[in-house]
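Structure first, commentary second.
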Amino acid sequence: MVGMKRISLFAFACLCSVVAMGQTDDYARFKHLLDKRDTVGLRTFIPKWEKKRGQSGDTYAAWFNLLVLEAMTEGLELRPDTTVQEGLLISDSVGNAVGSITGHTFYDAEKMARAYQKIDEGIRKYPDRLDLWFGKTHVHLLEKNYHAAVETLKKALDRSVLNHNHWSWTNDKATPEAPETFFFTCLQDYFSQLYEAQADAVAMDFISHALAYYPENIVFLNDQGALLAEAGKQDEALRIFLKLHDLAPDDDIVVSNIAYLYKKKGDKKQAEAFYKKLLKSKNEELRTIAKEELGQR
């Protein structure tokens, strides 16, 4: 990232957790019980909902949420990590930090298997319900099962080619934004989570799959360049960012990444040329970094 240790990514305000407008009374009741984590109430309500309305993408999502909730247990975890931001540090007899105690969520494997079985059944019946795909991805990420999250996203990408990004959301309503825009925005949010977790190998698997379908997507290309740079393949990364600069010459994120890579390569002249382009950026952080790199105050 420019000014940091990793390349800059495109950042979007992902609305993946937003509930579609016009929700039914049944869906509103489900959300109320879910927000309270009332598993007993949900166990009673969901079957009644299904009996009254029949199976739907919403009831599959409801069962999945309930099963995941029932699989979760909050507890404390003793770890050798002494760099935690939250938790209790443990010291030895002479005051040296030797570990920490932090809150942790545990997931019962057998119960989680039932939850995934239920959401997979829902996806097979309602493959264009994007909330089902993303709900499954979200839970994989909660478990830090990055490989499984990417496999789910890859299958969603496969479906996007078949349905031409004609997605629906909760209550079978429209997605909160235009379907294709919303799909790509959320994919970038998930990629960012993988990137921040430094799960670079599975992140590259995901991006390679995405680019096979959408080879000119500027965001995916930027992601690929970021991962190549992290792998020490600076020349390959630079070629991608220069290509992106041709496609989007006014994009400051791309310009900042090019400047950063030239700096890493020791090409002071080219680095300065691209940092100078950032002096007129609307992004205050990028302007500040450019001034620092150019020796300006």
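The single residue among 259, 231 that is more than 28 Å from residue 166 (Cβ to Cβ) and loosely packed, with under 14 Cβ neighbours inside 10 Å turns out to be 231.
The C-beta contact set for the stretch 120-133 (first residue farther than 16 Å from residue 186 by Cβ, second residue open to solvent by 50 Å² or more (accessible area, probe 1.4 Å), distance under 8 angstrom, 6+ apart or interchain) comprises 125/55; 127/159.
Please verify whether the stretch 144-158 includes one or more residues that are open to solvent by 40 Å² or more (accessible area, probe 1.4 Å), in a helix (DSSP H, G or I) and under 21 Å from residue 31 (Cα atoms). Break it down stepwise before answering.
Step one: of the stretch 144-158, the residues open to solvent by 40 Å² or more (accessible area, probe 1.4 Å) are 144-147, 151, 155, 158.
Keeping just the survivors that are in a helix (DSSP H, G or I) gives 146-147, 151, 155, 158.
Those left that are additionally under 21 Å from residue 31 (Cα atoms): none.
No, that holds for no residue.
From the list 170, 137, which residue is under 12 Å from the mean Cα position of the chain (by Cα) and closer than 16 Å to residue 57 by Cβ? Spell out how you get there, then give the answer.
Working: 170 fails: under 12 Å from the mean Cα position of the chain (by Cα).
Exactly one residue qualifies, and that residue is 137.
Would you confirm, using the coordinates I've provided, whether residue 241 is touching a residue at least 24 places away in the same chain (Cβ under 8 Å) and surrounded by 20 or more Cβ atoms within 10 Å (Cβ to Cβ)? No, not satisfied. For the stretch 107-134, filtering for residues that are part of a helix (DSSP H, G or I), under 13 Å from residue 58 (Cα atoms) and open to solvent by 30 Å² or more (accessible area, probe 1.4 Å) leaves 3. Looking only at helices (runs of 4 or more DSSP H) that fall completely inside the stretch 208-290, which ones have 1 or more residues that are farther than 30 Å from residue 150 by Cα? It comes to 252-265, 268-277. Considering 51, 5, the condition of being assigned to a loop (DSSP other than H, G, I, E, B) and either more than 27 Å from residue 179 (Cβ to Cβ) or modelled with pLDDT of 90 or more (or both) is satisfied by 5 alone.
Note on the stretch 163-187: among residues that are open to solvent by 70 Å² or more (accessible area, probe 1.4 Å) and in contact (Cβ under 8 Å) with a residue 24 or more places away in the chain, the one that is farthest from residue 30 (Cα to Cα) is 166.
The rows are residues; the columns are (1) in contact with a helix residue (DSSP H, G or I) (Cβ under 8 Å, 6 or more places away or on another chain); (2) of a type outside the set (D, E, K, R).
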| position | (1), (2) |
| --- | --- |
| 183 | yes, yes |
| 188 | yes, yes |
| 197 | yes, yes |
| 204 | yes, yes |
| 212 | no, yes |
| 224 | yes, yes |
| 233 | no, no |
| 251 | yes, no |
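Of all the criteria given as (1) open to solvent by 50 Å² or more (accessible area, probe 1.4 Å); (2) out of contact with any Leu (no Cβ under 9 Å at 6 or more places or on another chain), the one not satisfied by residue 273 is (1). Residues in the stretch 188-228 that are acidic (Asp, Glu) and open to solvent by 10 Å² or more (accessible area, probe 1.4 Å): 189, 196, 200, 205, 216.
The values are calculated or read from the model by the stated rules, or taken from the named source; none is laboratory data. Values in this document were obtained by computation on a predicted structure and should not be read as measured data. No Cβ is skipped: glycine too gets one built from the backbone with ideal geometry, and neighbour counts run over all protein chains shown. The area values use the complete protein model at the heavy-atom level, side chains included, leaving out ligands, DNA and RNA. Shrake-Rupley method; radii C 1.70, N 1.55, O 1.52, S 1.80 Å.
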